[in-house]
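The values are calculated or read from the model by the stated rules, or taken from the named source; none is laboratory data. Predicted model only: the values in this text are computed from it and were never measured. Note: ideal-geometry Cβ built from the backbone for every residue, glycine included; neighbour counts use all protein chains shown.
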Amino acid sequence: MTAKPKFAMYWAASCGGCEIAVLNIHEKILDVDANFDVVFWPVAMDAKYKDVEAMEDGSILLTLFNGGIRNDENEHIAKLLRRKSQILVAFGSCASGGCIPGLANLSPADEIVQTAFNTLTTDNPNGVYPRVSVNMPEGELHIPKIFPVLRPLDQVVDVDYYMPGCPPESHQIAAVVDLVIKVVMGEAQLPPKGTTIGAGDSTVCDECTRARNVKFIKEFTRIQDVAPVDPNLCLLEQGIPCNGPATRSGCNARCPSAGAQCIGCYGPAEGVMDYGARLITAFASVIDAKEPEEIERILDGIPDPVGQMYRFNLAGSLLRANKDAWKAR
């Protein structure tokens, strides 16, 4: 019998939602087991780093890597799995663009540690802070060293494919699994390297059924302050900051369809060089004002511009980090 191709999945700096999304493909997970030899998936099986290190380079057919690179352990495993894998997928928004953990790039790493271990919600009366290594009777113990900034996977290793989403939709994961199985069986071919898979190549606006280009606005406001929200009109044209014009399609405009603005979890649409730059252009296009002071007043209605425009891809954007964090690299 021919040995089944090997499959691996790893969780770096992320929340773990991508792992749950894979499990949410329900009975399709049995196809993964039937067609792949799962050799490394720490969240689902007992596997050691040394087991992966002992494998031949290129012996793993497919690795789904979720999470950004925040510390030296993340970096080590990213480079290890790159060597061992024929196909490495940046799986989910954290690996693709940094996602929520990437917003930590707005602060220097030492400030982040100080906040985590020295606030009102932390019981740390003796001021104990983590150290990279410590000597114990059993020997020297090591914990991962935090890096000055978080980086998406492709800033550390070569990536074959990208699959955005926070997390990716389960039906899209299932479709990608089906594709890879067909490739293994010689019934299909992989797309060109660098392709974004499991998502569309347009924008969320193109999937949204709400009417557009109907009206201009005099202010931006939070959705909870709009009563009632028109169920048929573009949210952006109701003064609700919606990220659909810059966000990659593939979710069927799930949030706008439910009356909530798109927040951008699928990352930049095809051809968008910088997500925030595209969004500010879209937001400016609905402003009903000509004087700079009035335009600035309207834009001030967006209370957290970075969180609005770079929530899911600051680390992968042209900005990447603020000055203090960047200088610490």
Looking at (1) touching a Lys or Arg at 6+ places or on another chain (Cβ under 7 Å); (2) within 30 Å of Tyr310 (Cα to Cα), can you tell me which one Lys79 breaks?
-> (1)
Failed criterion for Asp57 (all others in (1) modelled with pLDDT under 90; (2) in contact with a helix residue (DSSP H, G or I) (Cβ under 9 Å, 6 or more places away or on another chain) hold) = (1)
Counting only residues that are of a type in the set (Gly, Ala, Ser) and more than 21 Å from the chain's Cα centre (by Cα), which one in segment 1-43 is surrounded by the fewest Cβ atoms within 10 Å (Cβ to Cβ)?
-> Ala3
Determine which member of the set Gly244, Gly271 is of a type outside the set (Phe, Trp, Tyr) and surrounded by 21 or more Cβ atoms within 10 Å (Cβ to Cβ).
-> Gly244
From the list Pro130, Pro101, Pro152, Pro148, which residue is exposed (fewer than 13 other Cβ atoms within 10 Å of the Cβ) and of a type outside the set (A, V, I, L, M, F, W, C)?
-> Pro130
With criteria (1) in contact with a Cys (Cβ under 8 Å, 6 or more places away or on another chain); (2) surrounded by fewer than 21 Cβ atoms within 10 Å (Cβ to Cβ), Gly67 comes up short on (2)
Scanning for something crowded, with 17+ Cβ neighbours inside 10 Å, among the small types (Gly, Ala, Ser) and modelled with pLDDT of 90 or more, does segment 210-231 turn up at least one residue?
-> no
Helices (runs of 4 or more DSSP H) contained in segment 263-329 and holding at least 1 residues more than 19 Å from Gly92 (Cα to Cα) and within 23 Å of the chain's Cα centre (by Cα) | 275-284, 305-310, 323-327
Can you tell me which residues in segment 222-245 are within 20 Å of Ile295 (Cα to Cα) and more than 26 Å from the chain's Cα centre (by Cα)?
-> Glu237, Gln238, Gly239
Can you tell me which residues in segment 298-323 are charged (D, E, K, R) and surrounded by fewer than 14 Cβ atoms within 10 Å (Cβ to Cβ)?
-> Asp300, Asp304, Lys323
Matching option when the condition is in contact with a helix residue (DSSP H, G or I) (Cβ under 6 Å, 6 or more places away or on another chain), outside the structural domain of Ser170 (by TED's automatic domain parsing) and in contact (Cβ under 8 Å) with a residue 12 or more places away in the chain, among Gly267, Gly239, Gly259, Gly301 | Gly267
Considering every residue within segment 178-189, establish whether at least one is touching a Gly at 6+ places or on another chain (Cβ under 7 Å), of a type in the set (Val, Ile, Thr) and outside the structural domain of Phe312 (by TED's automatic domain parsing).
-> no
Enumeration of residues in segment 180-209 that are free of Cβ contacts under 8 Å to residues at least 12 places away in the same chain and of a type in the set (A, V, I, L, M, F, W, C) = Val183, Met185, Ala188
Given (1) surrounded by 14 or more Cβ atoms within 10 Å (Cβ to Cβ); (2) under 24 Å from Leu106 (Cβ atoms), Pro256 misses just (2)
